[in-house]
Each structure stands twice: as structure tokens, then as C-alpha cells.
1. Starting from the Cα of residue 97, draw a straight line to each of the lysines and keep only those under 29 Å, dropping any in the same chain fewer than 8 residues away.
2. Starting from 0.36 nm per residue, how many nanometres of slack lie between residue 12 and residue 83 once their C-alpha separation is accounted for?
3. List the trypsin sites (Lys or Arg not before Pro) within the stretch 1-87 that fall in a DSSP loop (any state other than H, G, I, E or B) and whose Cβ has at most 16 other Cβ atoms within 10 Å.
4. Points 7 angstrom from Cα along the Cβ direction at residue 73 and residue 121: gap in nanometres?
5. Choose one of 46, 77, 65: the residue whose Cα lies farthest towards the positive end of the charge dipole of the stretch 1-86 (beta-carbon charges +1 Lys, Arg; -1 Asp, Glu; about the Cα centre).
6. Report the full-extension gain for the segment residue 182 to residue 3: residue separation times 0.36 nm, less the Cα-Cα distance, to one decimal in nm.
7. With runs of 4+ DSSP H residues as the only contributors, calculate the mean residue ellipticity of the chain at 222 nm using -39,500 (n - 2.57) per run, divided by the residue total and rounded to the nearest 500.
8. With every protein chain in place, what's the accessible area of residue 174 (1.4 Å probe, Å², nearest 10)?
Amino acid sequence: LEFIQREMTSQEGGFYAALDADSEGVEGKFYVWDREEIDIALGKESELFCEFYDVTQRGNWEGVNILRRLHEMEDFAKARGISVEELEQRLADSRAKLFELRSHRIRPGRDEKMLLSWNALMCSGYAQAFSALGDEGYKQAALDNIEFILKKMQTDTGHLFRTYSETDGGKAQYMAYLEDYAFFVKALLD
């Protein structure tokens, strides 16, 4: 949900449709890592980080590395003689450094149209996350999305539009389908 908020949410509270898999013509390039760049960025913390996230010299996917967690936090910490809290903090610090480094890469393209059914499903996800976790930010994201839909994707007569695009000053179009209404009602109930 933090990823959605950061990467896929408009300032108005709508959720964008998709991100491209490619950047610079290479699938996944924005998200993958070489062991060497991690070693340089993290220094002495690199060994622990790479072992935890299965980063190797030859790569774990098509010659590069996708960060993937193969270990339970408790077992990994115990095997290294450190506390879970220390491990979590060291990994979090390392992820923050890599996140900053990645922010300078060329980002994948984003399809900025917003689809009513997908927005309603995401809204339900935020509402359910709030119910389970009590995070007020999740509740606010759901409420902002409902407000966005009612403000930007509803006709004067109360009918709903299927799509909305911010380009050209904001334009909603195509009458909503049954699935749009069904998922929107579910989002309102959630």
C-alpha cells in the first residue's frame, strides 16, 4: 500500500492503471541490482544484506539480482548472533540507501488513466487494511479515493464513468459497466 501511495496515486486520490515493465528498453531494469553496485553503496553492510536478499555475483535472475527474502528474520538473526531488532534496523538502513540510489535511475513509464473498477478494488483494499491494522493513513486513502470517484467520475445525473484521465484538463469518459458499479458499491460498503 505504501508503494501504491508513492507510485500509483494521483494528487486527487485516484489510482493510476499500470506501470511499464521496461525502462530504457530493458525489462525490470529499474528494480534489479548488480552485486557490485550494492557492494559500493552499502560497504561493510553489503555482505549481510546480500546474504539475506539472495544477491550473488552471477545474479538470481537473468544475470542480475531481484531482492528476494529467502530467510525467516528470527532464524537469520540467530545464526549470525544478532538480535532481530538489530537485523531489522540494519536491513532497513541498507534498503533506504538503495532506494535513494534507485531514485536516480530512469523510471518506467506509467499509464495514468484511472479505471473505476480498479480504483474501487484498490479502495476496498485500503479500507480492509485500515480495518485490520488501524492505520489512519489507509482509511484516509480510501476516503480520498471515494471523494475522487464521486467528484471526477460521476455525471450530473449520478451515473458513473468507466475511465478518467488527468491529461487535457481532466476527462472522464465511457459509461461505467456493471463491474464498475459492483466494485464501487463494495468499496462504499467496505
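1. Counting by Cα, and skipping residues close in sequence, residue 97 has these lysines nearby: 29, 44, 78.
2. Values: separation 71, 0.36 × 71 = 25.56 nm, distance 4.23 nm.
Result: 21.3 nm gained on full extension.
3. Details: sites: 6, 29, 35, 44, 58, 68, 69, 78, 80; in loops: 29, 58, 68, 69, 80.
Within the stretch 1-87, the qualifying trypsin sites (Lys or Arg not before Pro) (loop, at most 16 other Cβ atoms within 10 Å) are 29, 58, 68, 69, 80.
4. 2.9
5. Looking along the dipole axis, the top candidate is 77.
6. Details: separation 179, 0.36 × 179 = 64.44 nm, distance 2.57 nm.
Length gained between residue 182 and residue 3: 61.9 nm.
7. Values: 8 runs with 94 residues, N = 190.
Here the helix-only value at 222 nm equals -15500 deg cm²/dmol.
8. For residue 174, solvent-accessible area is about 140 Å².
The values are calculated or read from the model by the stated rules, or taken from the named source; none is laboratory data. All values reported here derive from a predicted model rather than from experimental measurement. Don't worry about glycine lacking a Cβ; one is built from the backbone with ideal geometry, like all the others, and counts go over all protein chains shown. These area figures cover heavy atoms from the full protein model, side chains too; ligands, DNA and RNA do not enter into them. Shrake-Rupley method; radii C 1.70, N 1.55, O 1.52, S 1.80 Å.
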